[in-house]
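Participant: I'd like to ask some things about the structure below.
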Amino acid sequence: MKILDFRSDTVTQPTGKMRQAMASARVGDDVYGDDPTLNELEALSAKILGKEAALFVPSGTFGNQVSILTHTKRGDEIIVGFDAHIVWHEVGGAAVISGVQTRTLNTDYGVYDMEELKNLIRGKDIHYPDTGLICMENAHGGGKVVPLAHMAEVYDLAQDRGIPVHLDGARLFNAATYLGVEAAEITRYCDSVNVCLSKGLGAPVGSVVAGSAAFIEKARKMRKLMGGGMRQAGILGAAGIIALTEMVDRLKEDHENAALLRERMAAFKGVEVDLARSHINMVFFKASEEDFPSDRVVEGLLERGIKINGPEGGEWRFVTNKDIEREDIDTLIRALEEILE
């Protein structure tokens, strides 16, 4: 029986072509810089992202944290949205690894109030920490894409104040798909960017960080400090190359499947789908416990070979991905109908 997994786009299986490429990858010792496959991946990533250089890292969290460590000094303050992945899902890494404090501000799913942002940038005062970094997230984990005009406004402000900007672009290519632009049109408004290969693009492991040559040279040393210096990692990089060259264009299918799933979920009694957060491959909804009992739904679907997460903070999230086909949406809906009868 095929298992359907709507928990995230991190749950995908590598393609057959990825597995073949991994098995036959030419490798070397990446700490010495002589892994040809990783070198190829990093050069390709830099070109696609419009940056001078790139660095392969084990995960998206690692990519964000090594970027913060590279940009800042201990005691700095970084500005980041209160609902950002860096704040919510990275185990306080900025404090533990970089020794910086986070100054959070409200966002509309990644869009800042510019006046509030300006007011949070520290002035020159003996009592204040230095503002060492401004962070953005696009696509935002809440399901929306930040407009390019807003990113440009933030970047212009940061440049005027001499502060670097880091972009958590874990789902950057989803954002590019929604906006109908190349990824480099988004990354022109940041000094560094982290992009996950193991989310919508389907690679089994890894992310890339991109930026200036000087930034990446320093980040490579910081990666080693954090325990991310890898040896024959071209075996992983081979899948990453296919992710970037063959899996980007198909993301629109995930977005289309998510749109269909929103439509079908809205038909259930007691379910309120959040249509405002419909830019990418995520479906957010709230449901009354009476009409949509969480334990019964989660357990009933699992018995039918369908994996979902239960509600968090009263909200449900289903995520489409490369291993979810259009007919799988029908399978999920039929299963829910059976359970809720």
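Participant: Using a Förster distance of 41 angstrom, determine the FRET efficiency expected from the C-beta separation of ALA214 and LYS17, and round it to 0.05.
Facilitator: Numbers: r = 35 Å, r/R0 = 0.86.
The computed FRET efficiency comes out at 0.70.
Participant: Is the shape of region 82-212 rounded, prolate or oblate, going by the alpha carbon gyration tensor and its root eigenvalues a ≥ b ≥ c, with a/c under 1.5 for rounded and a/b larger than b/c for prolate? Please list the in-between numbers first.
Facilitator: On the way: a/c = 1.82, a/b = 1.40, b/c = 1.30.
Judged from the Cα gyration tensor, region 82-212 comes out prolate (a/c at least 1.5, a/b above b/c).
Participant: In whole angstrom, note down how far apart the Cα centers of region 162-213 and region 255-311 are.
Facilitator: Using only Cα atoms, the two centres lie 28 Å from each other.
Participant: Once the dipole of region 16-246 is set up with Lys and Arg at +1 and Asp and Glu at -1 on Cβ about the Cα centre, which of SER67, GLY141, GLN159 lies farthest towards its positive end?
Facilitator: About the Cα centre, the residue reaching furthest to the positive side is SER67.
Participant: Classify region 250-340 as rounded, prolate or oblate from the Cα gyration tensor: take a ≥ b ≥ c as the square roots of its eigenvalues, call it rounded if a/c is under 1.5, otherwise prolate when a/b beats b/c and oblate if not. The partial results should precede the final answer.
Facilitator: Numbers: a/c = 1.77, a/b = 1.28, b/c = 1.38.
Taking the square roots of the gyration eigenvalues as a ≥ b ≥ c, region 250-340 is oblate.
Participant: In the chain, which helices (entire DSSP H runs) extend 15 Å or more along their own long axis, judged by Cα positions, while averaging at least 0.5 on the Kyte-Doolittle scale? Don't skip to the end; give the middle numbers.
Facilitator: On the way: long enough: 36-49 (20 Å, 0.41); 60-71 (17 Å, 0.17); 148-161 (20 Å, -0.28); 213-225 (18 Å, -0.45); 234-246 (17 Å, 1.62); 251-265 (21 Å, -1.11); 326-340 (22 Å, -0.03).
Flagged H segments are 234-246.
Participant: Counting other beta carbons within 10 Å of each Cβ, put ASP5, ASP125 in order, fewest first. Before the final figure, lay out the partial values.
Facilitator: Values: ASP5 20, ASP125 7.
Listed from fewest to most nearby Cβ atoms, that is ASP125, ASP5.
Participant: While we're on this one: Taking the dipole about the Cα centre of region 250-340, with the C-beta of Lys and Arg at +1 and of Asp and Glu at -1, give me whichever of PHE285, GLY305, VAL319 is farthest to the positive side.
Facilitator: Towards the positive end, the residue furthest out is VAL319.
Participant: About its Cα centre, what dipole magnitude does the chain give when the only charges are +1 on Lys and Arg Cβ and -1 on Asp and Glu Cβ, stated in debye to the nearest 20?
Facilitator: Values: 38 positive and 52 negative charges, 227 e Å.
It comes to approximately 1100 debye.
Participant: In addition: Please identify every one of the trypsin sites (Lys or Arg not before Pro) in region 117-187 that sits in a loop by DSSP and has no more than 15 other beta carbons within 10 Å of its own beta carbon. Show your work: numbers first, answer last.
Facilitator: On the way: sites: LYS118, ARG122, LYS124, LYS144, ARG161, ARG171; in loops: ARG122, LYS124, LYS144, ARG171.
Counting only loop positions with at most 15 other Cβ atoms within 10 Å, the trypsin sites (Lys or Arg not before Pro) in region 117-187 are LYS124.
Participant: Take the Cβ-Cβ distance between ALA43 and LYS252 as r, set R0 to 25 Å, and report the resulting FRET efficiency rounded to the nearest 0.05.
Facilitator: Values: r = 26 Å, r/R0 = 1.06.
Efficiency, from the Cβ-Cβ distance: 0.40.
Participant: May I ask you to derive the FRET efficiency for LEU340 and ASP108 from their Cβ-Cβ distance with R0 = 30 Å, giving the value to the nearest 0.05? Write down the numbers at each step before the final one.
Facilitator: Working: r = 33 Å, r/R0 = 1.10.
After rounding to 0.05, the efficiency reads 0.35.
Participant: Please name whichever of ASN174, ALA84, PRO36 sits farthest to the positive end of the charge dipole of region 16-246, dipole taken about the Cα centre and charges placed at Cβ: Lys and Arg +1, Asp and Glu -1.
Facilitator: Final value for the positive-end residue is PRO36.
Participant: Also, quick follow-up: Suppose only helical runs count, i.e. DSSP H with n ≥ 4. What mean residue ellipticity at 222 nm does that imply for the chain under -39500 (n - 2.57) per run, divided by all residues and rounded to the nearest 500 deg cm²/dmol? Spell out each step's value before the answer.
Facilitator: Values: 13 runs with 138 residues, N = 341.
Theoretical 222 nm ellipticity from helices: -12000 deg cm²/dmol.
Participant: How far apart, in nanometres, would the label points at ASN119 and GLN232 be if each is projected 7 angstrom from Cα along the Cα-to-Cβ direction?
Facilitator: Each label point is offset 7 Å from its Cα along the Cβ direction, giving 5.8 nm.
Participant: For region 287-341, what class follows from the C-alpha gyration tensor (a ≥ b ≥ c being the square roots of its eigenvalues): rounded when a/c is under 1.5, otherwise prolate if a/b is larger than b/c, else oblate? Kindly include the intermediate steps, with their values, before the conclusion.
Facilitator: Values: a/c = 1.96, a/b = 1.34, b/c = 1.46.
Taking the square roots of the gyration eigenvalues as a ≥ b ≥ c, region 287-341 is oblate.
Participant: Separate question: Can you tell me the dipole magnitude for region 250-340 around its Cα centre, using point charges on the Cβ only (Lys, Arg +1; Asp, Glu -1), in Debye to the nearest 20?
Facilitator: On the way: 14 positive and 21 negative charges, 61 e Å.
For this selection, approximately 300 debye.
Participant: Could you check the simple spin-label distance between TYR128 and ALA152, using points 7 Å along Cα→Cβ, in nm with one decimal?
Facilitator: A separation of 2.8 nm, rounded to one decimal place.
Participant: Can you match P(r) over Cα pairs in 10 Å bins from 0, in percent to one of these, [x] 6, 25, 31, 24, 12, 2, 0; [y] 5, 25, 35, 25, 8, 1, 0; [z] 6, 20, 23, 16, 11, 9, 7, 5, 3, 1, 0, 0, based on a calculation from the structure here?
Facilitator: Recomputing P(r) over Cα pairs in 10 Å bins from 0, in percent here picks out [x].
Readers should treat all values here as calculations from the given coordinates under stated rules, not as data from a laboratory. Owing to the predicted nature of the structure, the values given are computational and were not obtained by experimental measurement. Cβ: placed from backbone, ideal geometry, glycine included. Neighbour counts: every protein chain shown.
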